[in-house]
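A quick write-up on the structure given underneath.
Quick note: the coordinates plus some simple rules give every number you see, no bench work behind them. Given the structure is predicted, the values throughout are model-derived calculations rather than measurements. Here the Cβ is made from the backbone with ideal geometry for all residues, glycine too, and neighbour counts use every protein chain on show.
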């Protein structure tokens, strides 16, 4: 058995597509069984446990010791699980989970460890202060370096992340695979909404061009940049609309006040988002130029193109900006911040984008990489 260990991750669309769906997929490969172990916040523990086990019924969901600075105190839980199930290896999602796995290897509880590197952890904590705890932030660089060098194999979300590892930490090992953030099972099956109905409900014309932003409002999502770069477009073209599928933020409120006839915001359940995306015309993925974003692989990219939407993307966003240019998957903002002219994709183009998503951003498309990880942890 192999364990997939997560620490302090809250259930969300990203968790479903990048954790529970990954574990489910790994268990279809006919190799070593993989079991999810989730250390979650004690707040709303029972509802969180229920939500995770609805998707992965045999998941082991345990209450973490409160406060991220005490992450090492969760080693007791991990030790108990290893003693009970005697796994051969652990895939650790992020640096804290991976360090717990490395401790298990040191104590001969397991033989192999995989770092599932979802981004540049130290850079993210330093640039965006994920937790307002200076001592914990200071730990991130040495923890990231140690997890990177001591793991037996690594998963990177982008080739840009591997280059970051090489530049910052002197990483030179070839024991890694690159798997971008892939589609969750909720975003694979085709859905064909009545586009006119969606637009009418928003009070917009069927001939309008609808840009859509779907995501969170955390710092690296760069909503200030979204506002800055889209204001000139909305000002110049009253038929251009913007739909926010996110929580309320100062930027969404500002844009709705400036353009009351052109900007709307909705907060939808995860399972409702895809239908709304497919009724729009272009996905917005604008990020500021930070190290966090330069190595990222936002889940929304795959979700946009799987809904048949070309993507308006910033330059230097992980591997994706170059991919957009090479495969004509949308529009890349110029380095001076100017935005290309936006047009609606026709049905043929939408269908091509959906095919690209299936060919490059499903878990099946990365079968060889997932297999290599499991083989390394046997």
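Quick notes on this one:
- Against the chain, whose longest principal axis is taken from its Cα atoms, helix 367-376 shows a tilt of about 20°.
- Here the relative contact order of the chain, from alpha carbon pairs under 8 Å that lie six or more residues apart, stands at 16 percent.
- When each of 309, 161 is scored by the number of other beta-carbon atoms lying within 10 Å, the sequence from fewest to most is 161, 309.
- Most mobile listed residue (160, 368, 38) in the chain, GNM with C-alpha springs under 10 Å: 368
- GNM result for the chain, Cα springs below 10 Å: residue of 21, 336, 319 fluctuating most strongly: 336
- For the chain, the longest principal axis of the alpha carbon atoms and the long axis of helix 159-169 meet at an angle near 50°.
- What the pair-distance distribution of the chain shows, using all Cα-Cα distances binned every 10 Å from zero, is 5, 23, 32, 24, 12, 3, 0 percent.
- The range 186-360, relative contact order in percent, only Cα pairs under 8 angstrom and at least six apart counted: 22 percent
- Site pair residue 322 and residue 341 shows an inter-label distance of 3.0 nm when each label is modelled 7 Å from Cα along Cα→Cβ.
- Taking a point 7 Å out from the Cα of residue 86 in the direction of its Cβ, the residues of the range 29-56 whose backbone N falls within less than 16 Å of it are 33.
- Largest GNM mean-square fluctuation across 149, 107, 367, computed for the chain with C-alpha springs under 10 Å, falls on 107.
- Tilt relative to the chain, helix 347-360 - C-alpha long axis, 0 to 90 degrees, to 10: 10 degrees
- Using a Förster distance of 30 Å, the FRET efficiency for residue 45-residue 174 (Cβ separation, nearest 0.05): 0.15
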